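Here is the structure we will look at.
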Amino acid sequence: VMLTTNQTFQGTLAAISSSFLFSMMFLFGLFMLPLSGTQVASWRILMMLLSLLILISFTKQWQHVFASLKTLKTPKEWLIFILPTPILGAQIWIFMWAPVNDLGLEVTLGYFLYPMIMIVVGRFFYNEDMSLLQWLATICAALGIGYDVWQYGSISWATLFVCLGYPPYYLLRRKLAVPPITGLISDLVLLTPVVLVVLYVSGGFELAFATDKFWYLLPLLGIISTAAMALTMVASQKLPVSLFGTLCY
């Protein structure tokens, strides 16, 4: 019981901290003009990888990363391990692309809907119990989302892209019980060749190197992104799925 309580506390703290960092990061798409949203997303992946490599080296965690990878034995396990990577890449892209393309509100609505999907999955797929307060919080959130959808008059592709994308990512990572750092470093390494091509073709390297503010904004983007994503993955593994979904609000 003590262990469960401690895990719940750690997971709750991680979830709240990650939400705060993500809310700060949403502004980076605007801070980093004249880079396009796609260029910012590409730079974000590179800076996250650099930040994570430094963190793992500084904390001497490489042996744990490789030990986790050695636990993957079958082709099915490797497939489940790699499947979340393109999902994360697509979500990073729309998160940075949407605010500078007048779809910020639609993506925000997607982030309101995705925890609701996680709550439903946790309650009815994993058969997790929910307290009365959790049910009340969920009902309030559902009413708020319903009002937003009614106000918009429709649900855009950007909203669906977000709310239907993240749940499979976290559930696949949860299925293999992959340590957060191992999952994240593998995602970033696999995405790196793609973003290098994107930056080279689009002129993202030249534009970033020629603009003074990017010399400090890019490293800051990497640090905040890595911390936010790592904390979210910690929370998703330490908390019941329904509670993790509720805390996203």
| message | Among LEU220, LEU176, LEU79, which one shows the highest mean-square fluctuation when the chain is modelled as a Gaussian network with alpha-carbon springs under 10 Å? | response | LEU79
| Taking a spot 7 Å from the Cα of ILE80 along the direction of its beta carbon, which residues of region 143-171 have an amide N less than 19 Å from it? | 166-171
| task | Would you please state which residues of region 198-238 a label at SER17 would reach in this model, taking the label point 7 Å out along Cα→Cβ and a backbone N cut-off of under 15 Å? | result | 223-238
| DSSP loop trypsin sites (Lys or Arg not before Pro) in region 73-178 with at most 11 other Cβ atoms within 10 Å of their Cβ, which ones? | LYS73
| field | chymotrypsin sites (Phe, Trp or Tyr not before Pro) restricted to region 113-150 and DSSP loop, no more than 12 other C-beta within 10 Å | value | TYR126
| task | With springs only between Cα atoms under 10 Å apart, run a GNM on the chain and tell me which of PRO115, PRO99, PRO193 wobbles the most. | result | PRO193
| query | Helix hunt in the chain: which complete DSSP H runs extend at least 27 Å axially by C-alpha with mean Kyte-Doolittle at least -0.5? | reply | 2-25, 37-58, 132-152, 180-202, 214-238
| task | Would you look at the GNM of the chain, springs on alpha carbons closer than 10 Å, and say which of ALA137, ALA14, ALA230 moves the most? | result | ALA137
| message | For the chain, what does the accessible surface come to per residue with a 1.4 Å probe? Please give it in Å². | response | 51 Å²
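The values are calculated or read from the model by the stated rules, or taken from the named source; none is laboratory data. Note that this is a predicted model, so its numbers are computed, not measured. Please note: Cβ atoms are built from the backbone with ideal geometry, for glycine as well, and neighbour counts cover all protein chains shown. Accessible surface areas use protein heavy atoms only, side chains included; no ligands, DNA or RNA. Shrake-Rupley method; radii C 1.70, N 1.55, O 1.52, S 1.80 Å.
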